[in-house]
There are 2 protein chains.
Amino acid sequence: MRRVAIIGVGMTEFGELWDLSFRDMGIRAGFEALNDANVTSDQIDALYVGNMSAGRFIEQEHVSALIADYAGFAKNHIPSTRVEAGGASGALAIREAFLAIASGIHDIVVVGGAEKMTDISDIEVNAIQSSAADQEWETIFGATYPSLFALMASRHMHEYGTTREMLSAVAAKNHKHGSLNPKAQFRREIKPEDVSKSPMVSSPLRMLDCAPISDGAAAVVMCPLEMAKRFTDRPVEILTTAMASDTLALGQRKSITEMMATKIAAKKAYERTGLKPSDIDVAEVHDNFTITEIMAIEDLGFAPKGEGGRFTLEGKTTLGGEIPVNTSGGLKARGDPIGATGVAQVIEIVQQLRGEAGKRQVPDARIGLTQNVGGTGSTVIVHILGVPE
Amino acid sequence: MRRVAIIGVGMTEFGELWDLSFRDMGIRAGFEALNDANVTSDQIDALYVGNMSAGRFIEQEHVSALIADYAGFAKNHIPSTRVEAGGASGALAIREAFLAIASGIHDIVVVGGAEKMTDISDIEVNAIQSSAADQEWETIFGATYPSLFALMASRHMHEYGTTREMLSAVAAKNHKHGSLNPKAQFRREIKPEDVSKSPMVSSPLRMLDCAPISDGAAAVVMCPLEMAKRFTDRPVEILTTAMASDTLALGQRKSITEMMATKIAAKKAYERTGLKPSDIDVAEVHDNFTITEIMAIEDLGFAPKGEGGRFTLEGKTTLGGEIPVNTSGGLKARGDPIGATGVAQVIEIVQQLRGEAGKRQVPDARIGLTQNVGGTGSTVIVHILGVPE
């Protein structure tokens, strides 16, 4: 197996991008990544696209061919593959590209993640987001994506004493980080009290506990590490990719205050790299709701089980803290264009490891981790990245 | 790179399966494949799912997690990946599983392809099928999937003298083959005159030039060839997988009487295996419309360019002919549940190479080929399978 590096990154701003179509966004992110990598479209061997639901958001399936075409790769007829795993679609695209390069099948691969969500009504968006949960055993009975995560939050509060204040601390911290990220959807700080007073969505989750609806695209260029030096003097290595699944319906699981798929994927990732949670300098985790980040930092081993809320409240996951989490602003403030999210997480880690994260730079960051969730934890993908020796 | 074998196959009947849900079909095909392979669900390392548009057909995305869960794999939390490339989604799932096994990442992998199409109106189905074409440059102007293939048919007739009689010969031949396949959607013969007199859909394509709308699922179990002997004494090897892309919109191509992606994928597949078209004993090609099969047998090199219609009319692609094509009945008669189709094509070849194809057996078949098309040829995947030495 060959070692794999990221040699270029690019992304649109995330937000309500009414002047950009799905294909406009894909082109913009892709060209930025190609320029950053100093490669031309003629050098690309394959494309992987992460996208959750273009079929419903913009009534266009087959977006792998669309992006290959509009990015200028169709003239070389390269293979282009779309993957989907709900909210984990972006990380899945990076994973499949990693496997293709590590195994020697392809050399230079572009990964694009994109979602165009704001051209339809919020009610339709909610239905589409919820289609990553179980239609026959959850959604049909009225469960929505927020209400399922609200169940997890309630139970976490009951079992571990997690408080409203702790949930609010997650959102406030991520907005603070987002205010330092020029590509974030929300670049203003909010106070914990703002979160606690925001309108109720599904008790106990309030509006500011929820990530926004977003448009956006993100792209990376990957190649074998041994080839990376031809293009850049600051490659970032993907040390491992680990993926695990769980039941589609939340009610089928033994516990709803943890994501077993996160624990299993993290265990595999740590074992393969010989790293432990305390070796991670910076992490991007899935915070589609505030409770999701609290569970993530517990399941990844950054905080003891049940202590994620307190850990956050104590500032340990803030920039300057013990393990800065979601320095990009996370899904909460950077935005969550579903298929792009897992790619954007990796881009943030690349920028941190290159030392190019500007005002949100974690000093001397050498090892970073991403965790991307599909559904209510039915798919989880963990990547660990590092500065190569 | 390790050699890769198929050790088990299973599929539902294709048709209007009103008593089976999407997950019912997935379970049925999957268990049949596991039984056929003599493996248990505990031995499976990963799952790949080919599906085009469950998000729109049944409002369920994230079907990778759904199938992993309902097939009993969730307890082991194995990675499960959905891939999509319009009509080529099934072949794409087999391709990604092939790459994962060949590279040593996974050992025993299940591939499932499924689509549940008949629970909604035909008008909606047409819109969804057409979403594999270009929404912004084709569909928005009124083009549908049949009308785009009708353009190819018209031009092929104009350039090469392909006739109504030749198109009808494709459909009649595939129905004849389908009449011998107990899992085919249509198991009755039709006469060429029936096709020529059937109602017009989009000139020159008539109703019996078109593949039907279908429900169905198909599954295969794959592993390294070196491991296959543990499970079966008649493994079938996947000799190569080749994939190529083209522009999303038909109008952007230099020629619409050939699929460049087929030609390029076939060229790669022949080069890598050292085989030539005349070495192929049996082939399953994409005949969503009769014209598609005519172009396929030309682009794959079975018939000279422009001669595909005449070649068919002369019986050369019928059972007993020079190169039997679509012995399963093809999309036309076996049925076309989109995500399942590319997997079902491979299953037909496996059964032929095992000598288990019953009344439709091609004597002494040793090498078989599949060709699966997404959109109007924007994605094409070619597999070549063989009886291992």
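Set the Cα radius of gyration of the range B:256-389 against 2.2 N^0.38 Å, with N its number of residues, and you get 0.94. Coupling constants for the range B:124-139 follow from the phi torsions by the Karplus curve (6.51 cos²θ - 1.76 cosθ + 1.60, θ = phi - 60°), and in residue order they are 5, 4, 4, 5, 5, 4, 5, 6, 7, 8, 8, 5, 7, 10, 10, 4 Hz; glycine and proline get x.
Of the beta bridges in the protein assembly as shown, as assigned by DSSP with both residues counted there, near 75 percent are antiparallel.
Mean silhouette area of the range B:217-290, derived from the convex hull of its C-alpha atoms and averaged over all directions, reads 7.7 nm².
Close amide H partners of B:Gly216, meaning residues 5 or more places away or on another chain with modelled amide H under 5 Å apart, are B:Glu115, B:Met117.
Take every DSSP beta bridge whose two residues both sit in chain A; close to 75 percent of them are antiparallel. As a rough footprinting exposure proxy, the listed residues A:Glu389, B:Glu193, A:Glu138, A:Glu314 were ranked by other beta carbons within 10 Å of their own, and the order from fewest upward is A:Glu389, B:Glu193, A:Glu314, A:Glu138. Distances between copies at B:Gly72, taken between label points 7 Å from Cα along the C-beta direction, are 5.2 nm in increasing order. Backbone N atoms of the range B:42-58 closer than 13 Å to the 7 Å Cα→Cβ label point of B:Lys75 belong to residues B:42-44.
Rounded to the nearest 10 degrees, the inclination of helix B:164-178 to the longest alpha-carbon principal axis of chain B is 30 degrees. Rounded, prolate or oblate, given the Cα gyration tensor of the range A:112-204, with a/c below 1.5 counting as rounded? It comes out oblate by the Cα gyration axes. Relative to the longest principal axis of the Cα atoms of chain A, the long axis of helix A:145-160 makes an angle of roughly 60 degrees. Inter-chain Cβ neighbour count for B:378-387, averaged per residue, equals 2 (cutoff 10 Å, partner chain atoms only). One quarter of the surface of the convex hull around the alpha-carbon atoms of the protein assembly as shown equals 28.9 nm², the direction-averaged projected area. In the distance distribution for the range B:293-355, Cα-Cα pairs more than 15 Å apart total 55 percent. The 3J(HN,Hα) values that the Karplus relation (6.51, -1.76, 1.60; θ = phi - 60°) gives for the range A:55-72 are, in residue order, x, 9, 5, 10, 6, 10, 8, 6, 6, 4, 5, 4, 5, 4, 5, 6, 8, x Hz. Gly and Pro appear as x.
In chain B, the longest principal axis of the Cα atoms and the axis of helix B:338-354 are about 70 degrees apart.
Using only the C-alpha atoms, the convex hull of the range A:80-128 corresponds to 75 Å³ per residue.
Tell me which trypsin sites (Lys or Arg not before Pro) from the range A:225-260 have a DSSP coil assignment and no more than 16 other beta carbons within 10 Å of their own. Taking the range A:225-260 and a limit of 16 other Cβ atoms within 10 Å, the loop trypsin sites (Lys or Arg not before Pro) found are A:Lys229, A:Arg230, A:Lys254.
Taking the number of Cβ atoms within 10 Å of each Cβ as an exposure proxy, the fewest-first ranking of A:Glu258, B:Glu322 is B:Glu322, A:Glu258. Mean per-residue shielding of peptide A:126-137 is 4, counting Cβ atoms of other chains within 10 Å of each Cβ. Compactness check for the range A:1-153: Cα Rg over 2.2 N^0.38 Å is 1.14.
Residue by residue along B:242-253, Cβ atoms of other protein chains within 10 Å of the local Cβ number 5 on average.
Peptides B:262-273, B:117-128, A:173-184 ranked from most to least packed give A:173-184, B:262-273, B:117-128, packing being the mean of other C-beta atoms within 10 angstrom over each peptide's residues. List the lysines whose Cα sits under 18 Å from the Cα of B:Lys276, skipping any in the same chain fewer than 8 residues away. Partners found: B:Lys263, B:Lys267, B:Lys268, B:Lys305, B:Lys316. Exposure proxy shown here: for A:Tyr145, A:Tyr160, the number of other Cβ atoms within 10 Å sets the order, fewest to most, as A:Tyr160, A:Tyr145. For A:Glu389, the distances from its label point to the matching points in the remaining copies are 4.0 nm, ordered from shortest, with each point set 7 Å beyond Cα toward Cβ.
Return the tail of the calculated pair distribution for the range A:327-385, meaning the percent of Cα-Cα pairs more than 17 Å apart. For the range A:327-385, the fraction of Cα-Cα distances above 17 Å is 39 percent.
The ellipsoid equivalent to the alpha-carbon distribution of the range A:243-284 has semi-axes of 24, 11, 8 angstrom, derived from the gyration tensor eigenvalues as √(5λ) and listed largest first.
Across the alpha-carbon set of the range B:42-81, the Rg to Rh ratio works out to 1.01, Rh being the Kirkwood radius.
Among the trypsin sites (Lys or Arg not before Pro) found in the range B:295-389, those both in a DSSP coil and sparsely packed, with 15 or fewer other Cβ atoms within 10 Å of their Cβ, are B:Lys305, B:Arg366. Each copy carries B:Ser255; placing its label point 7 Å along the C-beta direction from Cα gives inter-copy distances of 6.2 nm, listed from smallest up. Among residues of chain A, the one whose Cβ lies closest to the rotation axis carrying chain A onto chain B, together with that distance rounded to whole Å, is A:Ser103, 1. Other residues whose C-beta falls under 15 angstrom from the C-beta of B:Gly161 contribute a net charge of -1, scoring Lys and Arg +1 and Asp and Glu -1. The modelled label-to-label distance for the pair A:Asp19/B:Ala127, using points 7 Å beyond Cα in the direction of Cβ, is 3.1 nm.
Taking every DSSP helix (H) stretch of at least 4 residues in chain B, weighting each as -39,500 (n - 2.57) and dividing the sum by the residue count yields a mean residue ellipticity at 222 nm of -11000 deg cm²/dmol. Given the range A:136-179, what whole percent of its Cα pairs are spread farther than 15 Å? Of the Cα pairs, 58 percent sit more than 15 Å apart.
Between A:Met227 and A:Glu189, the simple label model (points 7 Å from Cα in the Cβ direction) yields a spacing of 4.6 nm.
Rounded to whole Å, the principal axis extents of the Cα atoms in the range B:170-298 read 52, 40, 29, largest first. When restricted to Cα atoms, chain A yields an Rg and a Dmax of 19.1, 58 Å, respectively.
Rule-based calculations on the coordinates, nothing more; no lab input. Source: prediction; values computed, not measured. Don't worry about glycine lacking a Cβ; one is built from the backbone with ideal geometry, like all the others, and counts go over all protein chains shown.
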